[in-house]
Every structure is written in structure tokens, then in C-alpha cells.
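Each value in this text was obtained by applying a stated rule to the coordinates, not by laboratory testing. Here the structure is a predicted model, which means the values were calculated and not measured. Every residue, glycine among them, receives a Cβ derived from its backbone with ideal geometry; neighbour counts consider all protein chains shown.
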Amino acid sequence: MSKETKERNVELIEKSKEVVRDAFEKYDPAKCAITWTGGKDSTTNLWIIRQVCIEENIGLPQVITIDEGDAFPEITDFLVTISKKWHIDLKWLCNFDMLKSCQSHLGNDIQVKDLDERNQAELKRIEFNLKSFPFEAESYAGNHLMKTVVLNKFIEESNTELLFMALRRDEQAARKEDEYFTHHEAGHLMPEHTRVSPILHFTERDIWDNTHLHNLPYCPLYKIGYRSLGARTSSNPGEVGVPAWEQDIENVPERAGRRQDKEKAMERLRKLGYM
Amino acid sequence: MKNVILLTIDTLRKDVLGCYGNQNKLTPFIDSLQNKSIKFTNAQSTGPYTQASFPGILTSSYYLEYGRQKKCSPKRTLISEVLKKSGITTAGFHSNPYLCGYFGWNRGWDVFYDSMQDEVSDKIPYIKGDGINRKVDQWLSSYIEDDHYRPFFLWTHYMDVHEPYIPAREYLNKVDPSINLSEDDMLDLFKEIILKRDISDQKTVKLLKKLYDAGVRETDDYVKNFFKILEKYGVLKDSVVIITTDHGDEFGEHHGLSHDGKMYAELINSPLLIYYYNCTQEVGDNLVSNIDIPPTILYLFGLEPSEAFKGHSFLPLENYPQKRAFGEAIGKTSNQEKETDQPIYFYRENDLKIIYQESDKSWEMYNLNEDPQELNNLINISDKSKDMKKKIMSQITR
């Protein structure tokens, strides 16, 4: 790795650590939580926060992961293995009520009337008014219940004030103006909280440089071509068989696997009444 | 001639254009193009909604040929793929989610803008025509740097006529200044009337048609600005422009709204103009289909026909062999397609059109000469029924 890359890496990490320290000055670590998907970004993020905690002698905040019911087994294995290795008490969050109503089977129909009060209220909130929907990563209602609702519920029940996320500015044009800290006002069924993304200034290339430079663990799916990992049924490899970091990262969108595009397309189609 | 430009306007009914007889002056600019165009009076779409029709327009194949898939099958060949291989630059700009990269329509394009990375307004979930034009302008400004640029194929698609029918105030005023609706009111109409397919109140249906008409008037200005951009970069005189739609829209003609899985005139009849600055006005009354567009584009570029394409070039007019058209879709009855919805087909030969719906095995046949609105079902009285049934079945079981 070139000298420039190494120097850049030192600066990137120092900037991230500053953000983390700043976060711990403003918020009680006991009221913070770290999201970790097992993907490359949130693993890098966790690695940096963990270092600051060790350096500053602060207890690592609660680490959480959301089981959307459609995870790659490779990701689940990765989370289990690295939790052990890094001594992390990982909290697995899941919308069990929803899994119960479809017998945990992807594609099964979920009857809205079988869901609990909170889930029904959440569906009303997003103006979903059909009687049933299939449990799949691409279903709008399913996605909302398995992810957003689970997270909101956790924040509420644990009184979390600050959530560590792993967004990167270069992920989409719309994020160019993003700040490290974003405050979320309380809304209907959405508790007030702040989100912070210490690795906001990392690019996809920086993530891989950092991973290799410091020998960070990563999910083996990246090695066979995935560049962005989401739910199993909605993630596709970029170039099959070519490790993510050897692909044309600078010119081919990270989501050529198209998870986000799919979500965007689905969201627009839903607004047009097609979903 | 150097370039070919395909301009498609989503959901554009043939009968709203002045050049096809509409008296409401909704398309003054497009109408002005007919002096330098071949105007087709019998163009048919291959299907009544985007997913059913665009396989015809961009891949010269029918919707259900490769099974019932949401994505553009890798077995289809896009016109962009053929052209790119021939050294022609290909650029596409649109904002129809069903045609985005995720659904596989990004193959073969040197430049492909599907707007999925951009933010759209909450009420109108697509980039409007002016936004699409800006993208085209940006691309052309960098592409046409010297006079020796490579020939290009440009596809531009506007969504503005498509529901939720929220036209800009300015255009609503041109259609009917007495309509006093806010954007929220219009969105409510879309949700309460269009999505529920509620045609119980004739007045509301007429009001919705006016909102639709205003969208047409608005789009005509986008087309005008698009031509201005082509002129600004000096490419208009070097380009043939094909203007058409993917399908029409219904306002109660057959007891429905929007564009479901039906095969009637208001959805299947398409406007089709081929503009060239040096062309003299001509009318083509051949029965042509949008499946013929990719072969026509190859013809215009002077390229050999492709075996991947089912259609025939409709140019030169006198060589066009077909006198029949076919289309297929899923007979869905709302915006949302259900797994249990069954296919529907139409087949047309001269003035006869037969429709077969698989769900209830029902047949309809219309004589378009006597009954252009397709209201008088002849299937049980015409002596041509048997022959037409045979012909459509041979298409279905191809």
C-alpha cells in the first residue's frame, strides 16, 4: 500500500475518532447504542468506536443488529464469530410478532389482523391499508416492520439517546451534505434520538484500504464479488468471483447489486399505487 | 442523417393530439411537427401498460415471450445493445421505475439515466420533463464537443402525462381555468378515485380527464424545449426523431380508469410520428406495431436487420409486409397485479380486432371501421370469428 494511502488512512481514522470522542462528551455511553449489520462499513465503524472506548477507558455501548428474517448465513456466522473474538455482547433485534405470523417463512402471506397492536399501528402510520402482504425483503410493509419498527422500539425501550450508524457520504449523491450528527425529533411511534456516523467521510475505497491495512475481518461474501450486503433476496454480487476491493469501485456504483435502486424503484411504484 | 432519437411519452392517448383530430389544442408543438413527419394513423402498442409495452419498443419482443417476469429477461436483446456493438453511442434518459436498471433495462447504454439516485417530490414520484431535458442538455453539451462526434441513438422518455395527474397550475389554466384544485386535492383524487377505479361519478371522471389533458399540454412544452436543445447543439438537422407512446389511458370508456390489463382502443392505439427536418408531410396508414420500432431504428442507421428482433422496419413504407398486430399482457384489474391474474391477448388484422381473456375464456371481436370505440362485440354474430380465433391462437401458442 502506498505511503499516501497510509497517511490518508491515519487522517481518516483520527477524524472518526474525534467524532466518537465528541459523541461521548455529549452523551452518556450508557445511553448510546451501536448498529452493526456485519457489513464492511458497520464493522469498520465498530472497530473505530471500540478503539476509542479502549483508549478512553469507556465501556463499549450496547451493540445491536437487526435480523430482518432474510439474512445471509455468512453474515450471521460473521456476526457470531466476531462478537466472540471482540468480546461483544451483541443484542439481536427482531420483529418476532411478524415472523410468527408467517411461520418465519419468506414469501408467506402475513394477515394484518394477525399482527399485534404496535405493528398494526405502524402499518397505519405508513398508510399501508391492504389486508395482507407477503413477507419478503422487497415488500414495503415487511421492510418497514422488520427494520424501522424494530429499531424504533429498541430506542424507546432502552432510552437510547444516541445511535452510532455507519453511513458514508459517497454512498449517494443525496448524502453529500450530510452532517455527522443528525437529530431526529419525536414523531408518531418514533422516539426522539440523535444519530451519528463517525465514518461519514470514508469512501468505499477507504473502507477496503483500512480493512486490509489493519487486517480487519470481513464477511467472505465480499471476496466472491458482493460489494454491498443487504437482505439475501435483494443483494446481488457486482462482478461474480472478483473480490469487492478489486472491482472498478471508482466507476461502477456500489449498488450495481442494486439493493438501493430496488428500494427506490419500489418506493416510487408504491406511490403510484403499483405495489 | 446521422442520429436517431426516440422520444416516448408515457400514457399518451392518440386522441389527445391535435394532429390526430383533437380540437382542444393540447399539443400545438407536436402538431407543428407533422409538416415534416410521416404520421402513422394505425400504430398499435403491444400492451396496455409499461411492462407489457416496452418489450416491444426497446427489444422488439412480446411481453410474455419469456414467461411472466418482472425483470427484462436477459434473453431479450435491447436495441441499445445492438447499436452499441455497431459503434453507435447510446444514451437513455427517463424516470419510469419499471424501466430502471434494477429491472434490467440498463443494458447496452453508454449513458443511462433512470433517476433512481435522485430525489423526487413526494406527490409526483418521478422526475418531470424539464428535469429530463436538463439531463439531455448536459449530456449533449459534453458529447457534441467537435463536429466529428460519433452518431448516437438517444432515447428520452417523459412521465408527466402519467397519474397521479398533478399538472402544473399554468397548464391547468390553459385547459380549464375554473378548476380550483390544490396539489393535495389532486393527489386525493388520484388515491380516492383513480386507485379505487371509481367511475360512479361522471363529473369527477371528466374532471380527471381535464387534469390528464393539462399534463398533455405541459408535456407538449417539454417536447418543444427538447427540440430547442437539439437545435442549440446543431443536431436536429442530423437526426430522425421518432415520437410515440407506450400505451394510452382510460377514462371510463370500458368501465375503468387508468391503464389496466385491457386491450381496447384508448389503451392500444398509439400516436406515431417520424420527424426529419427535410421530410415532407406524409401519412402512413399501414397497420404497424411498436414491436417494429427497433428494426426501424436499425434501418435508419443503415444497419442490417437483427435476428433478435420480431418486428419489421416500417420504413420504407412501401416495403412494410405486415397487416396485422398482436399484443399481450396480464389482465390485471387494478394498479396492482395479482399472481392469480391471467393473460389477455389481442390480435388485429385490417379492421378486425379480436381479444381473448384467459381468466374467463372470454372472446370479443370488433370491427374498427364501423366501431372505432370497440363497444359492439361481434364475436357471436360475425362469420369471421372462427378464422380470427384461429389466428390469435396461433400467435398465443407460438
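Segment A:Lys131..A:Ile54, full-extension length gain: 22.7 nm, with 0.36 nm per residue of separation and the alpha-carbon distance subtracted.
Return the whole-Å distance between the Cα centroid of the stretch B:54-116 and the Cα centroid of the stretch A:91-166. Taking the Cα centre of each part, the stretch B:54-116 and the stretch A:91-166 sit 35 Å apart.
Give the separation of the Cα centroids, the stretch B:128-202 to the stretch A:22-71, in Å. Cα centroid of the stretch B:128-202 versus Cα centroid of the stretch A:22-71: 45 Å apart.
Once backbone amide H atoms are built at 1.01 Å from N, B:Ile242 has B:Ile5, B:Leu6, B:Leu7, B:Tyr275 as its partners under 5 Å, excluding neighbours fewer than 5 places away on the same chain. Among A:Cys53, B:Cys279, the ranking by other beta carbons within 10 Å of each residue's beta carbon, starting with the fewest, stands as B:Cys279, A:Cys53. In loop segments of the stretch B:280-321 as defined by DSSP, the GluC sites (Glu not before Pro) with at most 10 further C-beta atoms inside 10 Å of their C-beta are B:Glu307. Shown in residue order for the stretch B:88-101 are the 3J(HN,Hα) couplings computed by the Karplus curve 6.51 cos²θ - 1.76 cosθ + 1.60 at θ = phi - 60°: 8, 6, 10, 9, x, 9, 7, 9, 9, x, 5, 10, 7, x Hz (x for Gly and Pro). Karplus-derived 3J(HN,Hα) values for the stretch A:194-199, using 6.51 cos²θ - 1.76 cosθ + 1.60 with θ = phi - 60°, are 10, 10, 10, 10, x, 9 Hz; glycine and proline are entered as x. From helices alone, chain B scores -8000 deg cm²/dmol at 222 nm; the rule is -39500 (n - 2.57) for each run of n ≥ 4 DSSP H residues, then divide by the residue total. With springs only between Cα atoms under 10 Å, which of B:Lys36, B:Lys209, B:Lys361 fluctuates most in a Gaussian network model of chain B? Looking only at B:Lys36, B:Lys209, B:Lys361, the largest GNM fluctuation is found for B:Lys361. Taken one residue at a time, the phi angles of the stretch B:382-389 give Karplus couplings (6.51, -1.76, 1.60, θ = phi - 60°) of 8, 7, 8, 3, 4, 4, 5, 4 Hz. Gly and Pro are set to x.
Ordered by the number of other Cβ atoms lying within 10 Å of each residue's own Cβ, fewest first, B:Asp201, B:Asp137 fall into the sequence B:Asp201, B:Asp137. Scanning chain A for trypsin sites (Lys or Arg not before Pro) in DSSP loops with at most 11 neighbouring Cβ atoms within 10 Å leaves A:1-130 as the longest stretch between them. For trypsin sites (Lys or Arg not before Pro), the sites in the stretch B:234-330 that DSSP calls loop and that have at most 12 other Cβ atoms within 10 Å are B:Lys323. For B:Asp238, A:Asp109, the sequence from fewest to most other C-beta atoms within 10 Å is A:Asp109, B:Asp238. Calculated mean residue ellipticity at 222 nm for chain A: -12000 deg cm²/dmol, from DSSP H runs with n ≥ 4 weighted as -39500 (n - 2.57), summed, divided by the residue count and rounded to 500. Pick from A:Ile199, A:Ile66, A:Ile126 the residue whose mean-square fluctuation is largest in a GNM of chain A, springs joining Cα atoms under 10 Å. Among A:Ile199, A:Ile66, A:Ile126, the largest mean-square fluctuation in the Gaussian network model of chain A belongs to A:Ile126. The H on the amide N of B:Thr11, modeled in the peptide plane, is under 5 Å from the matching H of B:Asp246, B:His247, each at least 5 residues off or on a different chain.
Can you give the Kirkwood hydrodynamic radius for chain A, in Å, rounded to one decimal and based on Cα pairs? If you can, show how the numbers build up before the last one.
Working: mean 1/r = 0.0506 Å⁻¹.
19.8 Å is the Kirkwood radius here.
The amide H of B:Ser270, built 1.01 Å from its N in the peptide plane, has B:Ala43, B:Gln44, B:Ser45 as neighbours under 5 Å, considering only residues 5 or more places off or on other chains. When DSSP assigns beta bridges and you keep just the ones with both residues in chain B, what percent turn out antiparallel, to the nearest 5? Restricted to chain B, the bridges split so that about 55 percent are antiparallel.
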